[in-house]
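Heads up: the structure comes next, in structure tokens.
Just so it is clear, none of the values below were taken in a lab; they were calculated from the coordinates. Not measured: the values here are computed from a predicted model. FYI the Cβ positions are ideal-geometry reconstructions off the backbone, even for glycines, and counts take in every protein chain you see.
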Amino acid sequence: MIIDTLEKPTSSAIDPFSPDYFRDPYPFHVQLRDAGPVVWLEKWGVWAVARFEQVQAVLGDWRTYCSSAGVGIVNEKKMGGWRKPSALLEKDPPEHTANRAIVSRILSPAALRALRATFEREAEVLVDRVVGAGDLDGMADFSEAFPMKVFADAVGVPVEGRHHLVPWGNMVFNGMGPRNALFDRAMANADEVTAWITAACKRENLTPDGLGAQVYTHVEAGEISADHAALLVRSFLSAGVDTTTFAIGNALFCFAMHPEQWDVVRENPGKVKQAFEEIMRFESPFQTFFRTATCDTEIAGTAIPQDSKVLISVAAANRDPRKWCNPDTFDIGRSTVGHVGFGAGIHGCVGQMIARLEVEVLLTALAKRAKRIEICGEPERLLHNTLRSFEKLPVRFHA
Ligand code: PQP
């Protein structure tokens, strides 16, 4: 690399882990994208990419931008994280490849087809309960209720103590951020929560026919140890509750704010699938995560030294006007091809098909019954290091 051709780095005082940013990240996204293809964040001493082109390039180059130093702000190769690293999220090939193959087969199209009827039944039950029921919390009573029932049942975790899944998700995703108040609050009850999760991942505590138990068939086949299987089951529990909960919450909000687009979906429920892709683009639940440079490299002429942490804003990439027309317009009729709401590259969301199944089934059931989704109080924004959604979403589903 010829050093004197390199650009002087652009730096920014923006703090992507501050309450102002969480309340409304979009003006900050504009600034980060416009500052340059890569920006030095002074507050945390990390780089950030927020333009679609660079986000896609970094996610597509796992050799240069690895996951095995953690996908949070901490370089886990140097510091050690708060939990044992994930066998999927925080691994590079070849370990990642083998682990992902196991999970990917468990979440195969055939496996998902087998879950659909149950998901549909549960969606009807939930929709029956909420439509015409007056003022509700769209988060606890609807968005969280569904994955907590259908996903937890599908994995096969014990019914007793399932409420621990929510604080666990909070630990996993707030734990990717810096050591701020949100991080500390998430970890407040870490020992108890971790103990329940650890137990729930054991073969003897899983139902014999669930997705979790299927991981253990690879133990019986002599491919992996029981400890390793438990770690893979942990990934299901880490990845599958908050993400879908918050995606459903974002969907409610988008449709409440755009009733004319809810009408389109009601008249043609076949459009739910495409609408969900637009929700993922427009209000990506998993907004930011990190990669780590494995060598001295450069992004668009700016030197990125080895071991640098690079923040990836998929949320900003999904609204980059260099890529999208009218990116700040919610339009379920647009083409969303290429959105990075499920990431990209070898770590692209392995659960995206089950996430789509859950949301499609639930919104379809809702579209058949609810004429209007009304926000009936002040929504309370979720302040969260990684995820975007609502803490509380006062809502009324009109029959
Ligand atoms: C966004 C895996 C995936 C899923 C893990 C883990 C945690 C979170 C996620 C993030 N994730 N969608 O612990 O293996």
## Note on the structure
Quick note, the stretch 41-100: a/c under 1.5 would make it rounded; otherwise a/b > b/c is prolate and the rest oblate (a ≥ b ≥ c, C-alpha gyration tensor); here it is oblate
### Summary
If amide H atoms are modeled at 1.01 Å from N in the peptide plane, then the residues at a separation of 5 or more from Glu391, or on another chain, having amide H under 5 Å from its own are Glu380, Arg381, Leu382
### Task
Quick one: compute the contact order of the stretch 84-194, relative version, from alpha carbon pairs under 8 angstrom and 6+ residues apart, as a percent.
14
### Query
Hey, fewest Cβ within 10 Å first, where do Met171, Met79 land in order?
Met79, Met171
### Query
Projected onto the charge dipole of the stretch 2-398 (+1 at Lys/Arg Cβ, -1 at Asp/Glu Cβ, origin at the Cα centre), which of Gly240, Pro269, Val49 gives the Cα projection farthest towards the positive end?
Pro269
### Task
Pick out, from Thr10, Gly81, Ser108, the residue whose Cα sits farthest towards the positive end of the charge dipole of the stretch 1-108, with +1 on the Cβ of Lys and Arg and -1 on the Cβ of Asp and Glu.
Ser108
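Using a/c under 1.5 as the rounded threshold, could you call the stretch 231-377 rounded, prolate or oblate? The axes a ≥ b ≥ c are square roots of the C-alpha gyration tensor eigenvalues, and prolate needs a/b larger than b/c, oblate otherwise. Spell out each step's value before the answer.
Working: a/c = 2.65, a/b = 1.70, b/c = 1.56.
Cα axes put the stretch 231-377 in the prolate bin.
Would you work out the charge dipole size for the stretch 351-399 about its Cα centre, treating the Cβ of every Lys and Arg as +1 and the Cβ of every Asp and Glu as -1, and quote it to the nearest 20 debye?
That gives a dipole near 220 debye.
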### Ranked by how many other beta carbons lie within 10 Å on average, peptides 187-194, 26-33 from highest
26-33, 187-194
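With r defined as the distance between the Cβ atoms of Asn189 and Ser18 and R0 fixed at 25 Å, what FRET efficiency is calculated, to the nearest 0.05? Walk me through the intermediate numbers first.
Numbers: r = 25 Å, r/R0 = 0.98.
Here the calculated transfer efficiency is 0.55.
Using Cα pairs under 8 angstrom and six or more residues apart, how large is the relative contact order of the stretch 2-398, in percent?
Working: 682 pairs, mean separation 106.5, N = 397.
Answer for the stretch 2-398 is 27 percent.
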### Query
Restricting the count to DSSP beta bridges whose residues both fall in the stretch 2-398, what percent are antiparallel, rounded to a multiple of 5?
80
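Suppose every K and R has +1 on its Cβ and every D and E has -1 on its Cβ; what is the size of the dipole of the stretch 2-398 about the Cα centre, in Debye to the nearest 20?
420
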### Message
Rounded, prolate or oblate for the chain? Axes are the square roots of the Cα gyration tensor eigenvalues, ordered a ≥ b ≥ c, and the cut-off for rounded is a/c under 1.5.
### Response
oblate
### Task
Place +1 on the Cβ of every Lys and Arg and -1 on the Cβ of every Asp and Glu in the chain, take the dipole about the Cα centre, and give the residue among His218, His96, Pro285 whose Cα lies farthest towards its positive end.
His218
### Query
In what sequence, highest mean first, do 86-98, 303-315 appear when ranked by Cβ atoms within 10 angstrom?
303-315, 86-98
### Task
Treat every Asp and Glu Cβ in the stretch 18-120 as -1 and every Lys and Arg Cβ as +1, leave all other atoms uncharged, and give the resulting dipole magnitude about the Cα centre to the nearest 20 debye.
420
